[in-house]
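Structure in structure tokens, see below.
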Amino acid sequence: MKHHRPRLLFLLAVLCLAVCLLAGCAARAATADPDADLPTIVIGSDSYPPFNYLSADGQPTGIDVELATEAFRRMGYKAQFVTIDWVDKKELVENGTVDCLWGSFSMNDREDEYAWAGPYMHSRQVVAVNATSNIYSLCDLNDKCIAVQNSSKPEMLFLTDAVPGVSVKKVYSFSTMPSVFAALKKGYVDACAGHETACRDHMKNITGDYRILDEILLKADLGVAFNKETGREQAAELTAVLAVSYTHLRA
């Protein structure tokens, strides 16, 4: 009986090792990227909380990131977000650097520039001011200074005097919304403008008291922009996916 004990201990050790290896493989399989084998679709966007921004660990996150990830998974793609200079967005989607643009992008007055998927959400462009400001309506912006994001709808509206009855003194354009609100906080401008969701998100995360004017600047339809010549098929397929999956967001 004593002669069999070393062999028994050896077999038990082998069995334990096998169990550990199998457990390790199962753990790796559970944590592996389920979309790893899917073809990648490259999405161009910029930092625009809460729609798209980097988390504490440097990963893209936000409303649009979650929507895009699930929608493209249903289409058989793995979504990859890349940060771009929003001013160059049209050139990047036209030359194929990115496959589409998804980042709180309003379709209004751009219908003929891209092949659009959506709208997947309705938004409002608004004006925010300090709580103590004497600006209460859009007309009160006359001869005032306002901050906007580069290549945004508010920038176009104010630069072209397209807001009825309003002619601002100066339009300051910044690359990101945090910079836009920093200008308001420091008193460099009298007001700032952007998507209501983004404005309210920034108002929660910066010191000071701010308010949004009751009078809206523009109602906007948010969509996903593809290359006008080559992206129509993908845009149509994505529109169908969004219509089925995210109808509850259209409010």
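Name the residue that is modelled with the highest pLDDT, counting only residues in region 202-220 that are under 21 Å from the mean Cα position of the chain (by Cα) and loosely packed, with under 14 Cβ neighbours inside 10 Å.
The selected residue is Lys219.
Now, a different point. Of everything in region 37-63 that's among the small types (Gly, Ala, Ser) and under 19 Å from Val93 (Cβ atoms), which residue is surrounded by the most Cβ atoms within 10 Å (Cβ to Cβ)?
Ranking the candidates gives Ser45 first.
To continue, here is another question. Could you tell me which numbered condition Thr132 fails, if it satisfies all but one of (1) more than 19 Å from the chain's Cα centre (by Cα); (2) surrounded by 13 or more Cβ atoms within 10 Å (Cβ to Cβ)?
Only one criterion in (1) more than 19 Å from the chain's Cα centre (by Cα); (2) surrounded by 13 or more Cβ atoms within 10 Å (Cβ to Cβ) is unmet by Thr132, namely (2).
Could you tell me whether Glu91 is open to solvent by 60 Å² or more (accessible area, probe 1.4 Å), modelled with pLDDT of 90 or more, more than 28 Å from Val244 (Cα to Cα) and in a helix (DSSP H, G or I)?
Yes.
Restricting to region 49-78, name every residue that is among the small types (Gly, Ala, Ser) and within 12 Å of the chain's Cα centre (by Cα).
Gly62, Ala68
With the structure loaded, tell me whether Val171 is modelled with pLDDT of 95 or more, aliphatic (A, V, I, L, M), surrounded by fewer than 21 Cβ atoms within 10 Å (Cβ to Cβ) and more than 23 Å from the chain's Cα centre (by Cα) or whether it fails that test.
So Val171 passes the test.
A further question follows. Within the set of pairs 6 or more residues apart or between chains, which connect a residue that is touching a residue at least 24 places away in the same chain (Cβ under 8 Å) inside region 94-107 to a residue that is assigned to a loop (DSSP other than H, G, I, E, B) with Cβ atoms less than 7 Å apart?
Sorted first by the residue in region 94-107, then by its partner, the pairs are Glu94/Asn227; Val98/Ile84; Cys100/Gly231; Gly103/Asp46; Gly103/Phe51; Ser104/Phe51.
Given the condition in a loop (DSSP other than H, G, I, E, B), aliphatic (A, V, I, L, M) and either out of contact with any Phe, Trp or Tyr (no Cβ under 7 Å at 6 or more places or on another chain) or at pLDDT 95 or above (or both), answer yes or no: does some residue in region 137-148 qualify?
Checking region 137-148: not a single residue is in a loop (DSSP other than H, G, I, E, B), aliphatic (A, V, I, L, M) and either out of contact with any Phe, Trp or Tyr (no Cβ under 7 Å at 6 or more places or on another chain) or at pLDDT 95 or above (or both).
Could I ask something else about it? Let me spell it out: the conditions are (1) surrounded by fewer than 23 Cβ atoms within 10 Å (Cβ to Cβ); (2) within 30 Å of Gly96 (Cβ to Cβ), and Pro154 meets all of them except one. Which number is the exception?
(1)
Quick one: which strands (runs of 3 or more DSSP E) lie wholly within region 164-251 and hold at least 1 residues that are touching a residue at least 60 places away in the same chain (Cβ under 8 Å)?
191-195, 210-212, 218-226
Please go through region 64-86 and give me each residue that is in a helix (DSSP H, G or I) and either among the hydroxyl-bearing types (Ser, Thr, Tyr) or open to solvent by 60 Å² or more (accessible area, probe 1.4 Å) (or both), ordered by number.
Passing the criteria: Glu66, Thr69, Arg73, Arg74.
The values are calculated or read from the model by the stated rules, or taken from the named source; none is laboratory data. Keep in mind it's a predicted model, so treat the numbers as computed, not measured. Using ideal geometry, Cβ is built from the backbone for each residue, glycine included, and neighbour counts are taken over all protein chains shown. Remember, those area values only see protein heavy atoms, side chains included, never the ligands or the DNA or RNA. Shrake-Rupley method; radii C 1.70, N 1.55, O 1.52, S 1.80 Å.
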